[in-house]
Each structure stands twice: as structure tokens, then as C-alpha cells.
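Right, one structure below, let's go through it.
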Amino acid sequence: MLTGDIFAVDPDPKKLLFKFQRSAARSGATVHVVREYSYPDGSLAARERCVYEAGQLASYEEEKLQTGEKGSAVIRPDPKKPGQRKIFFEYTTGQGSDAKKSSASE
């Protein structure tokens with residue numbers, strides 16, 4: 001577990017913007033990491049989740065609770081190039097019927 005405070009740089013460097021908490025759990029060669037950013041009042045602003053397999057990033061997810069945006073990146077074998085890996089991205093902006101999802105890969 002790792003915790004910290006994130007302060008403004010200018011014009012008020014003593015102003016607390018977010019509280020940060022990172023936790024990690026290992027199961028064999030898999031590590032699950034959760035990072036949370038909370039407002040000074042304790043309400044959750046954003047969350048990130050990462051999964052590492054054998055020391056390599058396998059997936060990443062983020063939720064921006066203040067805007068409703070969310071995204072993910074998953075690293076998998078490239079179906080067209082055996083032996084290589086590819087990143088598959090998805091990102092959603094808006095909520096409900098206004099939600100717009102985009103995806104890409106590289």
C-alpha cells in the first residue's frame with residue numbers, strides 16, 4: 001500500500017487537490033494494482049486498475065468518475081502476427097444514451 005497527497009503547483013502550492021492510494025496484490029506471476037484518487041472531502045474522483053503478468057503489463061483500465069469517462073487497454077497476442085503482441089484500446093465518453101465508444105489497436 002502506498003498513499004500520498006497531491007497539491008496544486010500554482011498559485012497556491014498548499015492547496016490539496018487529491019489524496020492518492022495505491023494497493024497491489026500478487027497471485028503467482030500475476031499482480032493486480034488499484035490506484036484511487038479522491039477529492040479532499042473523500043469522494044472518489046478517479047480509479048485505475050492494472051494487471052501485470054510475469055512482469056509485463058497485461059491490461060489497464062481507468063474510470064474518471066468526475067466526467068463519466070472510462071477507458072481500457074488490453075495487450076494480447078496479435079492474431080495476424082504470431083509471436084507478437086498488440087494493444088487493443090477502448091474509450092467511452094458520456095453516459096447513458098449519450099455515451100460514445102471508440103476503439104483502436106496498434
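General observations
- Any hit, the stretch 76-85, residues being touching a strand residue (DSSP E or B) at 6+ places or on another chain (Cβ under 7 Å) and at pLDDT 95 or above: no
- Of all residues in the stretch 26-37, those being open to solvent by 30 Å² or more (accessible area, probe 1.4 Å) and within 23 Å of residue 91 (Cα to Cα) number 5.
- Across the stretch 52-84, the qualifying residues are those that are open to solvent by 60 Å² or more (accessible area, probe 1.4 Å) and in contact with an Asp or Glu (Cβ under 6 Å, 6 or more places away or on another chain), and the one among them that is nearest to residue 33 (Cα to Cα) is 70.
- Tally of residues being touching a strand residue (DSSP E or B) at 6+ places or on another chain (Cβ under 7 Å) and farther than 15 Å from residue 49 by Cβ across the stretch 3-29: 14
- Any hit, the stretch 38-51, residues being closer than 23 Å to residue 91 by Cβ, touching a strand residue (DSSP E or B) at 6+ places or on another chain (Cβ under 9 Å), in contact (Cβ under 8 Å) with a residue 24 or more places away in the chain and open to solvent by 50 Å² or more (accessible area, probe 1.4 Å): no
- Residue check, residue 89 open to solvent by 70 Å² or more (accessible area, probe 1.4 Å) and on the phi < 0 side of the Ramachandran plot: yes
The values are calculated or read from the model by the stated rules, or taken from the named source; none is laboratory data. On a predicted model such as this, the values are computed, not experimentally measured, just so you know. Cβ: placed from backbone, ideal geometry, glycine included. Neighbour counts: every protein chain shown. These accessible areas exclude ligands, DNA and RNA; they are computed on the full protein's heavy atoms, side chains included. Shrake-Rupley method; radii C 1.70, N 1.55, O 1.52, S 1.80 Å.
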